[in-house]
Amino acid sequence: MKYLALALLFSTSLMAASPEVVQYMNELSKTAKAQNSAFSGFDAARGKEIFTSTHIGKQGKPMACTTCHTTNLTNSGKNSLTGKVIEPLSPRANSQRLTSTKEVTKWLKRNFMDVYAREGTAQEKGDVLAYIMKN
């Protein structure tokens, strides 16, 4: 019942994601609750803080998600190491975003390692996804 309420809370935002990714979000929610009994749902504002805050990344240099993805998720970004163009992260601007759990899990893991030099927690991943879906 709690998870149904959580899904309804994000129903508008979750429309930006495929059913497969919505299911992944539900799994992240269960894991976050198991890791922290005070967990009460994903928060796009927390996700924005995670996405925009600067940390010493795995290259030993200051980095944020916005270093490559920019602060406007409807714009293209550029990989700071390779110079490769990154298509918009927002599913509203790029219909290919948030369609595959395999791609979402791969890039969340890789990008958390690049920026935070560690894998993100279930709550952090869910918060970032909530932020991306909102934009």
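The values are calculated or read from the model by the stated rules, or taken from the named source; none is laboratory data. Being a predicted model, the structure only gives us computed values, none of them experimental. We place every Cβ from the backbone using ideal geometry, glycine too, and count neighbours over all the protein chains shown. To get the accessible areas, we keep the full protein, side chains included, count just its heavy atoms, and leave off ligands, DNA and RNA. Shrake-Rupley method; radii C 1.70, N 1.55, O 1.52, S 1.80 Å.
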Practice problem: Could you identify the single residue in SER37, SER90, SER80 that is assigned to a loop (DSSP other than H, G, I, E, B), under 21 Å from ARG110 (Cα atoms) and over 14 Å from the mean Cα position of the chain (by Cα)? | Solution: SER80
Exercise. Just give me the residues in segment 74-101 being under 18 Å from GLU124 (Cα atoms) and of a type outside the set (Ser, Thr, Tyr), in sequence order.
Key: LEU89, LEU98
Quiz prompt | Candidates THR67, THR31, THR71, THR54 - the one that is touching a Pro at 6+ places or on another chain (Cβ under 6 Å) and modelled with pLDDT of 95 or more | solution = THR54
Exercise. Residues being assigned to a loop (DSSP other than H, G, I, E, B) and farther than 17 Å from LEU28 by Cα: count how many of those fall in segment 93-117.
Key: 6
Exercise. Being more than 13 Å from ILE132 (Cα to Cα) and either buried (at least 19 other Cβ atoms within 10 Å of the Cβ) or touching a strand residue (DSSP E or B) at 6+ places or on another chain (Cβ under 6 Å) (or both) narrows it down to one of SER53, SER29, SER40, so name that one.
Key: SER29
Quiz item: Are any residues in segment 36-67 touching a helix residue (DSSP H, G or I) at 6+ places or on another chain (Cβ under 6 Å) and over 27 Å from LYS78 (Cα atoms), and if so, which ones?
Solution: PHE39, GLY41, PHE42
Self-check item: Among (1) touching a Leu at 6+ places or on another chain (Cβ under 7 Å); (2) in a loop (DSSP other than H, G, I, E, B); (3) closer than 20 Å to ASN26 by Cβ - the single one LEU73 does not satisfy
Solution: (3)
Quiz item: Got a sec? Which of LYS78, LYS58, LYS125, LYS109 is of a type in the set (Lys, Arg), open to solvent by 60 Å² or more (accessible area, probe 1.4 Å) and touching a residue at least 24 places away in the same chain (Cβ under 8 Å)?
Solution: LYS58
Quiz item: Within segment 19-26, is there a residue that is part of a loop (DSSP other than H, G, I, E, B), surrounded by 12 or more Cβ atoms within 10 Å (Cβ to Cβ) and modelled with pLDDT of 95 or more?
Solution: no
